[in-house]
Structures are given as C-alpha cells and as structure tokens.
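As structure tokens, the structure follows; a few thoughts come after it.
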Amino acid sequence: MSNYHIKHLEEYFKVYRKSVREPEVFWEEIAEEHFIWRKRWDNVLSWDFSKPEVKWFEGAKLNITENCIDRHLRTKGDKTAILFEPNDPNEEAQHISYNELSERVNRFANVLKSKGVQKGDRVCIYLPMIPELAVSVLACARIGAVHSVVFAGFSATALATRINDSDCKMVITSDGSYRGAKTIDLKSIVDEALEDCSGVNTVLVAKRINSDINMVDNRDEWLQPLLDAASDDCPVEVMDAEDPLFILYTSGSTGMPKGMVHSTAGYMVQTAYSFKNVFQYRNDDIYWCTADIGWITGHSYIVYGPLSNGATTVMFEGVPSYPDFGRFWEVVEKHKVTQFYTAPTAIRALAKENLEFVDKYDLSSLKVLGSVGEPINEEAWHWYNDNVGKKKSPIADTWWQTETGSIMIAPLPYVTPTIPTYASLPLPGIQPVLMDENGKEISGNQVDGRLCIKYPWPSMARTIWGNHQRYKETYFSAFEGKYFTGDGALRDAVGYYRITGRVDDVIIVSGHNLGTAPIEDAINEHPAVAESAIVGFPHDIKGNALYGYITLKETGEGRDHDNLRKEINQIITEHIGPIAKLDKIQFTHGLPKTRSGKIMRRILRKIACNETSSLGDTSTLLNPEVVQAIMDNAL
Ligand code: 7RM
C-alpha cells in the first residue's frame, strides 16, 4: 500500500483525510518506503509552536546525497541526472549521468574536505547556473557542510551581509557568468564583498568564461586542478535527521535578510513527495524548472526533489529573451521537455511578445505546466494555457515559500481540476486555515482571511540562523499556535484556495478589504496592458484609495492615456465593482522587481504616499533605474 503517487481525485481526498487524521502515520509510511536510512527514527514528530520547536524523524540517520545519487547508480547509472543547457544555444548541452554526477560530487566533496571544511561548517556558494552549482551543493551535503547559496545576481554588499551573517569559511564562485548577450564579472564582486568578510579563508573558482581575473594568494584557487587531483570516492557523512542541510536567505520587509535554516530528513522526504505528485513525474520524463538554484525553487525543484526521485532535471544557464523570446520554447522542443515550471513574471514578459516565438516550436512533449512565485493573473494563466499548453497540459499553480521548503497548495495535474488563479487544494499533510484580524479561525467556505498553517509539515524551516527570537516573532506570534504565512487568501465554495497576495498588500477602501491580485487581474485583461501593480494611499474619506502603476504592451503605447484610464476603471467596475476603481493611474515603463521576479509593492506604496525620502532597502532590486523614473512622474 503506497500513498506516494496520487493518481485520482478520490484517492487524493482519501489520502488527504488520512494525512489530517493521522499525520504521523501518513509521513512515516512515505519516509519508510521511498528513502534509504542508515538508522530508523525513534519518533516521527515532536512539536511545540509556542517555542517554536519542531522535529521530524528524530533519531534517524541518513545522508541526502545517498538518496539523491548513490541509490540510483545500480539501476540508473547511465540515465541523465542533470541536463545542462548553456546560455548560448550554439554551445552543446551536457548530459550528466547519475554515474558522472556521483563522480563529480565525490571529487568535489573531497576537495572541500582537503580545504578543511568539516561537518556543520557553512560554505557560501555564489555561482551562475552551471553544473558546478548543483555539484557543489551536493558536495556540501555529502560531507555535512551547510550550504548557503547566494543568487549570483546579488551585489557585493548583499553577498557580504549573507557571508558574515552565517560565518561562512569558504566561498565557491566562478571567473564570471554568461547572461544573455552579457558577461558578468562575478569574481570581482566576490573580491569586493570579501573586503568586509574576515572569516573567509578559501575561495574556490570555477572556470566558465575564461576571463583574466585577479587571484588572491593563499586564498583563491582554481577548482578544476583540485578536482582532477581528488579521489572520486568520498564516503557520506552520516547525518542526524534534524541536522541543518542548508541556509537560504529571504528578504523580510524590513531589516536584515533572514537566513532560513532547513533540516535534512524532513526536507528530503517532503520535497521528494511533492515533486512526484505536483509534477506527476514518471520515469522517462524530462523535467525543467527555469528558476535559479539561488532561490528555494531551485533548491527544492531543480536539485533535491527531482534527484531524490531519480529524475532528469534540466539546468538552464540562460535567460528567456536570448538570443530571442523563443528561447524557452526552443529548449522545450530540443530536449522534449515534459514538465515545465516557471514564474508569472516570465510568462507575462513572454506574453508581451509576438506569438510566433511560441508557435514556431513543437511543444507537444509537454504534459504539465507549473507556476510559482506570485499570484498568476488570469490573463497570464490563459496565455500559458492556450499557447504553451495548447489547452492540454494542466497548470499547477503552486503556492509555497522559502520558509515552507516544499510546495504546500497546488492542484495535482490530471487529478485536481484547475481553475485560473486558484492554487486550489492543499497537498496531503498540509493543514491550511484562514484567520480573521481578531485571531479567530474562519470556518466554512467563500471566506477570506490570513493564511496560516496549523500543523507542522516535515520541510518547514526550523529557525532563522542566529536569531530564533525573530523566527518566533515573524511566523508564530501573530496567531497563537499557528504558522503565519504573511499571505492573504480566500477559500471558495468548494474549498479551493486563492492566494490574494501578501497581507500587507491588502488595502482597506471605505471599509472594504481589497486584495491587490484580483484588481490587477481585472486590469491585465485590458488588451493594451502588459503588467500592473496596485497600492493604497491615504484618502480623507475612504481611508485609503487605490493607486495603479501600469505598463503597456507595445501595441498600447500610442494610446490616449485618459481614454485608457476610463477603460481600465470600467473593466475593474465590471469585474469587481466600483469600490475597486483606481483614483490614480500612472503609466510607467517598468515596475520595480526583486531579482526573483516579484513586484516590490513596498516601494510603489512609498511613492504613492509621497514618502520617497525613505524608500527602505532597495538592494535586492533588479531594476533600480525604474524607481527614479516612476518617482519623477508620480501623480
Ligand atoms: C516559492 C517562493 C514566497 C511568497 C509567498 C507568496 C508568493 C509564491 C505563489 C505566491 C500566489 C503562488 N518562495 N507566492 N507562490 N503567491 N500564488 N502560486 O516563491 O519565499 O520567494 O516567496 O511568494 O506571497 O508568501 S519565496
């Protein structure tokens, strides 16, 4: 009897009910049947959200790389584990088999050891999307070092902050990276960062762009000669279930980034389980997630989830717009990708372009589409469904967070009927609840509130590195005894969840709670609109009024702005009601985005409220230049 792969809706409901009735039995069965343990656990779960303290599979011993690599070698040694697609389409793709991955991870692990890295030490990885990134992550895990991957688009200051916060001894980087038509000099960013990081004594440098870089004596070393000299046999470090596997930083709305700490066993079990079900993964599939491994999506659904299932996972170095906007679809055709997982911001960017970029390619291999990172607006959902999935590939709108480690709410393709903009139903083992402002659980359907999770799940982050108090305050204090996600959601008549955005995005206009996502959805239906972001600003009568920042498609650019404003408010009136009409509409050439593609409404709110003297932390912005332009034209 196995609950591991759910194939029918009735089965989903049955398994879900069991997972609520007997959560420990549910997770224990999955853990038992699908992983290699060096020692079995003594206790499935102990927890206390008031401390907060959560332990899964306590007493168990394991190594996650034995589960992601070694156990596949006997039956799948020659199967491609990582399919590396370079930035330049003329450079050949690399098919790295499980055998080869094993060899490379073992060598790398031995290099780390030879440089003095020990179990529990933190290693910062600042690499572009090249195979060494996945290999170094796994090499750390093999020897029990805690990896802290920093997205290689972050600045020197952001990198230094993260290195220092978790006391990394070593940085792994490259001579540079390719990004579309550009090359980026990563090594000099590292050099600049390390001026402020006295704890780092070793920098390992992978060669990617063959540039002439500065190497600091007694600190920097080229990686390849070390790998060549190392043994390809590195026995695994046997870890405790609750030993930290990695730290990943996520920015809070204020203050220092939070180093979320993930555990070994719980994280492994749930990323594997969710990968299997949300992507309906089958043996010969070619799975592609376009995220960067610098984000949680890449950790869980490029590296650990796929590899623990013995899958082929595509690792893409490039960008969606190079050499042209057909790049994603070219890769899908070339490698016959079966599952494609990307972010709404990418979909919206591609939807702005000519459809020929999609139609040129044969996308018939696709079976499942995924979306993650933001609420997917209705317009983008339909574009994705019609043009990429040809109305045949279900879209899994996956809601989760860096903190949750795994996908929490999502339809299971071919199992759960999908509705645009609805992340739909919780995965088995996940117990979401909606709370009102007074801290009461809202029961029933057709309600909205703050999204909390009321029971622990295996892959939840265990703490914030070095600041357990902040962990408690941020996630376990707003609602007693519950994990607070920071998101708002509504639950419809059949129990489907729709995530309406961060709760700080909820705007109360004349006493009505308005989520930004549904309003933006309505606006984005206008044929001239490419993207929009809504924020509130103080209003004498209504309390708050709505301010919309709107970017137009190329086709909309010559249009009369006053007419457009009327049409947009008309659409809002039709979709939501006159209460949600915008008081101010500013047309802009771009919206401020984080490097992971999320619109930074916090900055737009400050501009709308005329508080531009203190914009707060803008160091994680992808496109700081648009902020000035928006301020200059603010209404
Ligand atoms: C995986 C990831 C987490 C925040 C989360 C939400 C938003 C993510 C969706 C979504 C609506 C989705 N981790 N979010 N996925 N909102 N629908 N399917 O993105 O830590 O970087 O961000 O992202 O607000 O709290 S994250």
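The values are calculated or read from the model by the stated rules, or taken from the named source; none is laboratory data. Remember, predicted model here, so these are calculated numbers, not experimental data. Note: ideal-geometry Cβ built from the backbone for every residue, glycine included; neighbour counts use all protein chains shown. The protein model used for the area step is the full one, side chains on, heavy atoms only, and it has no ligands, DNA or RNA in it. Shrake-Rupley method; radii C 1.70, N 1.55, O 1.52, S 1.80 Å.
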For a paramagnetic label modelled at 7 Å from the Cα of Thr573 toward its Cβ, which residues of the range 497-528 fall within the zone defined by backbone nitrogen distances under 11 Å?
-> none
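Could you quote the convex hull projected area for the range 496-567, Cα atoms only and averaged over all directions, in nm²?
That works out to 5.8 nm², a quarter of the Cα hull's surface.
Rg(Cα) of the chain divided by 2.2 N^0.38 Å? Intermediate results must be reported in sequence, preceding the final value.
On the way: Rg = 23.8 Å, N = 635, 2.2 N^0.38 = 25.6 Å.
The value comes to 0.93.
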Beyond 23 Å between alpha-carbons counts as too far, so tell me which of Lys14/Lys51; Lys39/Lys119; Lys440/Lys472; Lys14/Lys39; Lys79/Lys169 fall in that bin.
-> Lys14/Lys51; Lys14/Lys39; Lys79/Lys169
D (Stokes-Einstein, µm²/s), Kirkwood Cα radius, the range 363-507, 1.567 mPa s at 4 °C | 81
Between Ser614 and His382, what is the spin-label point distance in nm, taking each point 7 Å from the Cα along the Cα→C-beta axis?
-> 4.4
Please calculate the 1.4 Å probe accessible area of Asp362, with all protein chains present, and give it to the nearest 10 Å².
-> 80
So the compactness index of the range 160-209, its C-alpha Rg divided by 2.2 N^0.38 Å, takes the value 1.20
Relative to the present Cα-Cα distance, how much length would full extension add between Thr183 and Met215 at 0.36 nm per residue of separation?
-> 9.7 nm
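Could you please tell me the mean projected area of the C-alpha convex hull for the range 410-456, averaged over all directions and given in square nanometres to one decimal? Write down the numbers at each step before the final one.
Values: hull surface 16.0 nm².
Spelled out: convex hull of the Cα atoms, projected over all directions, averaged, 4.0 nm².
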Measuring from centroid to centroid over Cα atoms, what is the spacing of the range 135-150 and the range 67-125 in Å?
-> 11
Using the structure shown, list the pairs from Lys334/Lys390; Lys360/Lys392; Lys18/Lys61; Lys207/Lys593 with a Cα-Cα distance above 25 Å, or answer none.
-> Lys18/Lys61; Lys207/Lys593
When the accessible area of the chain is computed with all protein chains present and a 1.4 Å probe, what percentage of it is carbon and sulfur?
-> 46
Please get the size of the charge dipole for the chain, origin at its Cα centre, with Cβ charges of +1 on Lys and Arg and -1 on Asp and Glu, quoted in debye to the nearest 20.
-> 1100
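Could you state, as a whole-number percent, how many of the C-alpha pairs of the range 357-442 are farther apart than 20 Å? Let's see the in-between values first.
Numbers: 1564 of 3655 pairs.
Percentage above 20 Å: 43.
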Per-residue accessible area for Ser614 at 1.4 Å probe radius, Å² rounded to 10?
-> 60
Residue-ordered couplings for the range 283-290, obtained by feeding phi - 60° into the Karplus form 6.51 cos²θ - 1.76 cosθ + 1.60 and rounding to whole Hz (Gly and Pro as x), are 2, 9, 5, 10, 9, 9, 10, 7
For the chain, cysteines whose Cβ has no other cysteine Cβ within reach (under 4.7 Å) | Cys68, Cys140, Cys197, Cys234, Cys289, Cys452, Cys609
Exposure rank, largest accessible area first [Asp42, Asp324; 1.4 Å] | Asp42, Asp324
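Suppose all protein chains stay in the model; what accessible area per residue would a 1.4 Å probe give for the range 247-325, in Å²?
On the way: 1600 Å² over 79 residues.
I get 20 Å² per residue for this part.
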If amide H atoms are built 1.01 Å from N in the plane of the peptide, which residues on other chains or at least 5 residues away come under 5 Å of the amide H of Gly370?
-> Phe340, Tyr341, Thr342, Ala396
Expressed as a whole number of Å, what is the distance separating the alpha-carbon centroids of the range 604-635 and the range 1-20?
-> 47
With label points set 7 Å from each Cα along the Cα-to-Cβ direction at Glu473 and Ala156, the distance between them in nm comes to 3.2
Computed label-point distance, nm, for sites Asp233 and Arg559 using a 7 Å Cα→Cβ extension = 6.8
Distance between the range 518-593 and the range 285-347 - C-alpha centres, whole angstrom | 32
Over the alpha-carbon set of the range 2-56, work out the extent along each principal axis and list the three values in angstrom, largest first.
-> 37, 31, 12
For Asp632 and Glu29, FRET efficiency with R0 = 60 Å and r from the beta-carbon atoms, rounded to 0.05?
-> 0.50
In terms of the Cα gyration tensor, with a ≥ b ≥ c the square roots of its eigenvalues, is the range 239-314 rounded because a/c is under 1.5, prolate because a/b exceeds b/c, or oblate?
-> oblate
